[in-house]
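Each remark here refers to the structure printed beneath this line.
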Amino acid sequence: MTDTEALVVGAGPTGLTAACALRLQGVSVRVIDANEAPSRSSRANFMHARGAEVLDRLGALGDLAESAISALTITVHVAGEPVSVVRFGDVGLRTSRPALLAPQSRVEESLRERLADLGTEVEWGTRLEALHQEPDGVDASVSGGSRIRAQWVVGADGAHSTTRKLIGEPFPGTPVADTWLLADVHLDWPLEPNGSYGWLHADGVLGALPMRDPDGPGIIWRLMAYEPGLADTQLTTDEILERLRRILPERTRISDIHVHDATWSSVFRIHRRLANTYRRERVLIAGDAAHIHSPMGGQGMLTGVGDAENLAWKLALVQRGLATPDLLDTYQEERRPLAESVLRTTT
């Protein structure tokens, strides 16, 4: 007996994209996530044009194009002065959708709404605990003593993927850089929220990206500051804000800055890791479960949803008997070299 044709582990952008794409092809799907509820915080906040096109093809773009900020410029400063401006519209990119500055939580919300339209809800608080593969399917043991029988399993459960660990797939790599301070803050300063900004400084890079405030009509800013030496340090939100209040005027040379509060904060260390194999028989991994890299360039959500769309249409053809399982090998053949390139260039 089969409970579902595909079990998707993880309800982030990658897992939700895979689930929507599979449902559009008529494949039955269950989506489980170990978290008790959707996250309101957002490590990622940049969706490149190609990622927005994937959401559009799935019917999952929703109102993101209207509610997000179109990220049309990146202005880089040295010694407080702008030295370069990249305008995305000037580089000849042919796309039906612009890049979007939108919190990951909003992207996930839009995907969940589309998945619900397709008849599937996320099963929250359901942790994958064991996998047993057989020639005709996979038995998955989940929290609470339940079992799910699926034809295929898609592991989209992030950098610490339980799915990847259960199939014995190594995740080789190394830390790339020392620690960064991250925070989503309400602040007053003279910069307009119509693009992103960066400052090159001897003490470290500083970046700022605007987003719509999910809890109000205003703007919140994602601040990212390279701050070496914090790898083993636990900082509270107040301590992170105190450091940012010192760092901002020093690195931007803007004196009129008032940081009010933070809706989210973190101390983040960049790792570069890549799985050797994306498929073990009937279990496949995608997104951060398969590769992690520096957030420079904001390619995290893009690579994840790209993996998911590539995998889902192939899996659907195999499940419907319109292609042999060998087609699934092209998923790794096409997506892993791209991940290698992203790891190399972001590093």
Inset, instruction - Select from the chain the helices, each a whole stretch of DSSP H, whose alpha-carbon atoms run 18 Å or more along the helix axis and whose Kyte-Doolittle mean is at least -1.0; answer none if there are none. - result: 237-252, 300-319
Inset, instruction - Mind sorting His48, His258, His186 by how few other Cβ atoms lie within 10 Å of their own Cβ, fewest first? - result: His258, His186, His48
Inset, instruction - Would you order Arg344, Arg23, Arg212 from fewest to most other beta-carbon atoms within 10 Å of each residue's own beta-carbon? - result: Arg344, Arg212, Arg23
Inset, instruction - Describe numerically, in nm with one decimal, the distance between label points set 7 Å from Cα along Cα→Cβ at Asp329 and at Ala202. - result: 5.7 nm
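Ranked by Cβ crowding within 10 angstrom, fewest neighbours first, how are Phe268, Phe46, Phe171 ordered?
Values: Phe268 16, Phe46 24, Phe171 19.
By the 10 Å Cβ count, ascending, the order reads Phe268, Phe171, Phe46.
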Legend entry - Percent of alpha-carbon pairs separated by more than 23 Å within the stretch 177-270: 18 percent
Inset, instruction - Return the label of the correct value of mean projected area of the Cα convex hull in nm², as calculated from the structure shown, out of (i) 16.9; (ii) 15.8; (iii) 17.8. - result: (iii)
Inset, instruction - For Arg253 paired with Glu192, estimate the spin-label separation in nm (one decimal), with each label point 7 Å from Cα along the Cα-to-Cβ line. - result: 2.2 nm
Inset, instruction - Could you work out how far the C-alpha centroid of the stretch 5-38 sits from that of the stretch 296-327, in angstrom? - result: 13 Å
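Find how much the distance from Gln234 to Glu66 grows on full extension, using 0.36 nm per residue of separation minus their present alpha carbon separation; answer in nm with one decimal.
Net length gain for the segment: 56.7 nm.
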Inset, instruction - Between Glu129, Glu281, Glu239, find the one with the highest GNM mean-square fluctuation for the chain; connect C-alpha pairs within less than 10 Å. - result: Glu239
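How far, in nm, would the chain grow between Glu123 and Asp178 when pulled straight, counting 0.36 nm per residue and subtracting the alpha carbon separation? Write down the numbers at each step before the final one.
Values: separation 55, 0.36 × 55 = 19.80 nm, distance 3.61 nm.
So the chain would gain 16.2 nm between Glu123 and Asp178.
Where a number appears in this text, it was derived from the coordinates with a stated rule and is not lab data. No experiment lies behind these values; they were computed from the predicted model shown. Using ideal geometry, Cβ is built from the backbone for each residue, glycine included, and neighbour counts are taken over all protein chains shown.
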